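Only one structure is covered here, and it is reproduced in the block below.
Read the figures in this text as sums done on the coordinates, not as results from a lab. Just so we're clear, the structure is a prediction, and the values are computed from it rather than from any experiment. Positions of Cβ are backbone-derived with ideal geometry, glycine not excepted, and every protein chain shown enters the neighbour counts.
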Amino acid sequence: MAVVLLIRSIIGSGDDVPVIVAGLLQCSVGAGSLAPQWLRQSCAGLYESSRPAAVALYLSHGALAMLSWRGKTLGPQAEKLLLLIPEVLLSLDTRVKESSTVMVVARVLTLWSGAAVDCVQVDTCPPLLRSSLIGGSSLIARLHQHIYAHWEHPLDGVRHQTRSMFQNLLTIHQHCSDHKSDPTGDPYITQLTQDLLALEWHMKGKYGTLGCLVEHLGAEYLLKLDGGLPARLLGLMGDQTMAPYASDLLEKLFVSHKAQLCARFMDADGWIDGWHEVWVRPLLQVLCTARLDQTTYILDYFLPKLLRCNPSSLSHMVQALQEMPACTEGKSLTFPSGSRGALGALMTCLRAARSQGVLKSVEEELCGGLVPLPLMRQALVHKHDQVRMDALGLVCESHRSTETLSRQEIELIRHFLPFNLNSQSPGARQQSVSLLKKLLCRVKDSAQLLQKKLDQHHNHKDHPNPTEPVGSHRVPSGSGKDLQLYLSILQIICSPLFFRLWFCSWRFSELFSCSSFKQLACNLLQKLPPAAVRLQEPERLQSLLQVALDLSTSTKPFDSVTASHLLNLLLHQPGLQDALLHCIQKQHIPNVCLNDVSVVQWLMVCLKEEVLKAESSLLQAAASYPLYGRAHCITAVLQPLNTGSLVLLSEWRAVVSELIGLCYRMSDVVSPVVQSSSPEGLIPMDTESETSAGLQKILQEIQPRDTNDFFTSARELDPSESDCNSEQKEPENTVHKPQSCNSVTAQMVLVCCWRTMKEVSMLLGHLCQSMPLCCPLTHAEGRGVVTEDQVEGVGKYFREQLLQSRHRGAFELAYVGFVRLTEMLCSATLQQLPAHWLKEVLEEVKSSDPSSKLCATRRSAGIPFYIQALLSSEPKSSSCGLLKMTMRSLTALAMPSNDADTESSSVPQVHALNILRALYRDTRLGENIVPFVSDGMQAAILGFTSPVWAVRNSSTLLFSTLITRIFGVKKGKDEHSKKNRMTGREFFTRFPALYPFLLSQLQEAAASVNSDSGQVKLHPSLFLLLLVLGRLYPSPMDGSSSPLGLAPFMPLIIRCGRSAVYRTREMAARALVPFVLVTQVPSTIHTLLEELPQEPGPGLQQNHIHGTLLQVCESTLVSYSLQQSINLTCYMTYKVCTIEYLQKPLNVLFYCGIFVRLLSSTAFLGVSTGAVSPPVALEMGVGLLCQLFQMWGQVAAGMVNLIQWLLGDEQSDTRCEESLDLDEEFLFEKGDLNLWAEPLSWARMLHRHLSALISVTHSPDVSTTELDRLSAIAKSNALAAQRSMKGLPALPQFSATIEYAKISLLKERTSLALNLLDTLRPS
């Protein structure tokens, strides 16, 4: 840019400037003779042919920015320069690799198209320029090819620039063509529109270009070419990836259509019926008949836009939907099964209308009286989740957050909650919480508004205006009544959820019964007032603290999570220090400083003793006091700390230093297990002496056998050892541990070890990330806690764990901690650590061999994670120097070497392939990794030729990752769907280096295909090559020329179709399609058919015939001409039926399949009482059963059976103590625990219906014998529950959660049954 500005400043504004700039662009020294001598000398480097490609790019940018193109007639030289610039830019398409450079090319091309628009808008546009820029010219055709190759580029900026350039090219053609007044009559525009409409609808770039055509031509023109366009676009709304693009195009279409209709009709409303027919009718049909997942995005993306365009369409929608027949049980002839029906569609429309402010409540009537209230009630308990959510959204959502709630809305919420709080659909639960949150926000905001109005009224009343008459001061209409109503809303909605849960009894611990609720429950409890939780009582606080401390040593991992949340809940309680002091004295642990760090210090004291015991016996530690629970609690206590404002810095420095050392000791204890060659079975195969010694010590304790019985049966610990390690008396009411019988398995040892490594990694990572660093640059005032030496030591620890651990759980969590460490490397000295560590590990990988400590199996274990973490620490604004250096080194290692491939020499190659796979999968690297995709693909394909199995295996994994990286994540079950494919032109434009490589590899593979000999010869890379080529497909926009030179691939792929392997022939047929231009389909098919033998002979090969027919079939299906396809089908019939060898059964069946497929393809080208949700159905079913008992006169017998249901079948046996014994496996089943509320709701519902039945029938004649029998069962269950509850430890809600839940359920059922039995007995 500076060079062009300098030239213009020196030379002036004549024709010499374009000549000199053109010479620079073309590297022509002769064109630079017009410039001064000193200028030619200073810019001599710009004339060299070996200059970087970016030079021409930025010279073009400078010419467009520094030279004047607007509002004047161009001279001949300026005209040539304007036409030269796009030629230079287009030549860079296949030369640039960096995504940033691709972005600059797209931006400069768009800038050029804008300059061209300015040039052609003048009245005296030169004829040469006009003929060169009109649609259909060679330059415009090449620019369109660039657009089609980049309109689905991963970078949003590139896609946006290509769309802007397409818009500018349309404007340029409009000014250059002879159809300025009526562009719809332009044959070029017509052909362009038809070509775009013929493209596959999964191509996202298609929607933006069609939107440009709508703005240029109007919606009626596109609707004339394709009348089914609205329905087709609505059908695409079910795909989340396509919904935003389809909705944007639909918006442009219906807005443009409305404007065209309004301009045509003189009547103000005469246009609306036609507009509704085109846009509203297809919408209602899709909403009623499509699956629920297909219509979800219509509500999110399309319907609000339609209502904003024409709000009056809502009444038309409501009327049309209410006139439709209701969907009965999902099997109506009108609506298919699985659809939401007319009721669901109505709720969807009304919800969108209200959220956009189109629909408002009027005088306490929801929806302005458009929908009857019974219909709303029915929708709130509909069997389809989305219908219920739409109905709830209609009630809760509002365009204004201060809109007051009506009584109808409150009643509908009360109707919704009982039947939906226990929904089994996670999505429905999440949406319900979100919508109820919006409702409560409305309550809060509208109540504040009402209170503000009321305060203003009182202030106005205290200072009356003397000009107003006496008695005119009144409360604003309805304000007092509404405010009083709002005071009761929380009690109405939240009473069963909150107040009854805490204020009536101390039951907040029930929220901790499910692990998924623990975090939410802890956050909620912290926000409640202390009196509600009742933690101000010292005894209760001490009990909870003791339970938390006991749970932190439980052998069940989820107990440590409960302990951490309890400690966070208790951490800020005023009486915690006294409770902690009581526990310390009780446990005979030395007194520690009672301040903010006291909890961490106390946990560390406990952990030190346990680590000391684990160092002597890891087996005993795994069975009785696993280390990971204490470490997890320490991390949880440190997480909420505001480390930026620590006050006790000296204490914190000591704590952090001691914690880091303690973490190292814990790691030393368990690392022999997770770093062993077989951590799952603890089989000692390591040759390293220290690791073997550590393993042998552990193996002496657990003594594994050659059989698998060891892993399924527990080993009894030595009683003397157990007694020695438990001299200290157990405190009262400690947590019940199933492992107290001294039984332990190898699985428990492994779980203890890898979870301990996990917690150590998380703790070290958190300390380095959150604690302030002792660095003059960041904390000059000396407020640092962690030193640079400690950070570097932690980094070396993570390096050892990631490079040597074999257990996936251990190194995956070490990776998480290491990432936290790399994120805080901010000081001048620490910034160099990632680069230093990266060079070290790359050198170690390069020199690795079977004797190396690096794990060559398990996909290189933690080595890829280590390198990923180091590369992610590189600043985003940098030039990615570490990434480039790493990729170059790894790519060189991944390529096959000239040395003889052996197991030892291939270890670095295996590591490189595995690391490359991890880097290509890392989304954080984004587009920075794309320039290296071609090299990775070459390494993967060449790796298949290795004789070493490990190399081929790693190459397979890398190839699969690259396919996903190039073509995207699989979006459907169809392996051949075009959603995960791209055009051949786009593929080779983005990855030009793969063109010569794939061609040479295909030549080598095709040479080995020879089915004539009858032998099966399969080249190792043939399958991969055909798989890549088969992912490509032709585009009708490719035109009649092929600048990328795809023709050399065709004869090679055709030859691969002769393979003796069926799968190879099939893939070769599919791979041939993208290399056949649309205009060459008939000639290619004729050529293939002519190659078929005319008569049977001795050298006839069925594989050759079958492969040719497959290629003919695939090629014919891409033909876009109906008549052409029919003609080809008839010719094939004549050609093939004359061959005698078609009498073979296999070929007859195959050809019949081809013929039927062709004909079907060418023909296709030419052509009230609603169902309720399960809880409501159950409620209605029990109510109906009670009514039937009355009709049949069997109330007494029915009452007995229902009471037995209430007691529960599993508790009918009086020996319920035995049934309450829980096996150990049940302790790890969380599913039943999550659903413990379901049988409780069922029992209460039965009690409610039975009570109603008793009140209606007054005194059912139930025999005394039956009453006595049921009473005996109920009392026995109650006694058993009471005894079992006494046998549980203190606060069993936390320490024995599942047992407590089952016993509580039994007590509730027994209590309800006894209540009914007492009612049935004669007074």
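Go ahead and collect, in residue order, the members of the stretch 201-245 whose backbone nitrogen is under 19 Å from a label point 7 Å along the Cα-Cβ direction of THR964.
Of the residues in the stretch 201-245, 241 have backbone N under 19 Å from the label point off THR964.
When Lys and Arg each count +1 and Asp and Glu each count -1, what net charge do the other residues less than 15 Å away from LEU607, Cβ to Cβ, add up to? Numbers along the way, then the final one.
Numbers: positive: LYS608, LYS613, ARG630, ARG665, ARG755; negative: ASP550, GLU609, GLU610, GLU615, GLU658, ASP668, GLU759.
Taking every other residue near LEU607 into account, the sum is -2.
For the stretch 47-164, just run the numbers: alpha carbon Rg, then divide by 2.2 N^0.38 Å, N being how many residues it has. Could you put the intermediate results ahead of the total?
Values: Rg = 14.3 Å, N = 118, 2.2 N^0.38 = 13.5 Å.
Scaled against compact globular proteins, the figure is 1.06.
Rank by packing, highest mean first: peptides 157-164, 1260-1267, with packing defined as the count of other Cβ atoms within 10 Å averaged across residues.
On the way: 157-164: 20.0, 1260-1267: 14.1.
Top to bottom by mean Cβ count within 10 Å: 157-164, 1260-1267.
What net charge do the residues around ALA810 carry, taking every other residue with its C-beta under 10 Å from that of ALA810, with Lys and Arg at +1 and Asp and Glu at -1?
Numbers: positive: ARG755, LYS758, ARG806, ARG808; negative: GLU812.
Net charge in that neighbourhood comes out at +3.
Using the per-residue mean of other Cβ atoms lying within 10 Å as a proxy for protection, in what order, highest first, do the peptides 1185-1195, 42-52 fall? If you can, show how the numbers build up before the last one.
Numbers: 1185-1195: 13.5, 42-52: 11.7.
With the highest mean Cβ count within 10 Å placed first, the list reads 1185-1195, 42-52.
Just add up the charged neighbours of TRP837: K/R +1, D/E -1, any other residue whose Cβ is under 13 Å from the Cβ of TRP837. Walk me through the numbers on the way to the answer.
On the way: positive: LYS796, ARG799, LYS839; negative: GLU792, GLU800, GLU840, GLU843, GLU844, GLU874.
That sum, taken over residues with Cβ under 13 Å, equals -3.
Would the stretch 167-273 count as rounded, prolate or oblate if I go by the C-alpha gyration tensor, calling it rounded below 1.5 in a/c and otherwise prolate when a/b exceeds b/c, oblate otherwise? Numbers along the way, then the final one.
Working: a/c = 2.04, a/b = 1.07, b/c = 1.91.
Oblate.
Listed highest first by mean packing, meaning other Cβ atoms within 10 Å per residue, what order do 1104-1112, 940-948, 1283-1291 come in?
Details: 1104-1112: 23.0, 940-948: 19.8, 1283-1291: 15.7.
By packing density, highest mean first, the sequence is 1104-1112, 940-948, 1283-1291.
Only four residue types carry charge here, +1 at the Cβ of Lys and Arg and -1 at the Cβ of Asp and Glu. Report the dipole size of the stretch 91-222 about the Cα centre in Debye, rounded to the nearest 20. Please report the intermediate quantities before stating the final value.
Working: 10 positive and 13 negative charges, 92 e Å.
Approximately 440 debye in magnitude.
Could you calculate the FRET efficiency of SER852 with ASN953 from 1/(1 + (r/R0)^6), where r is the beta carbon distance between them and R0 is 22 Å, rounded to 0.05? If you can, show how the numbers build up before the last one.
Values: r = 19 Å, r/R0 = 0.86.
The calculated FRET efficiency here is 0.70.
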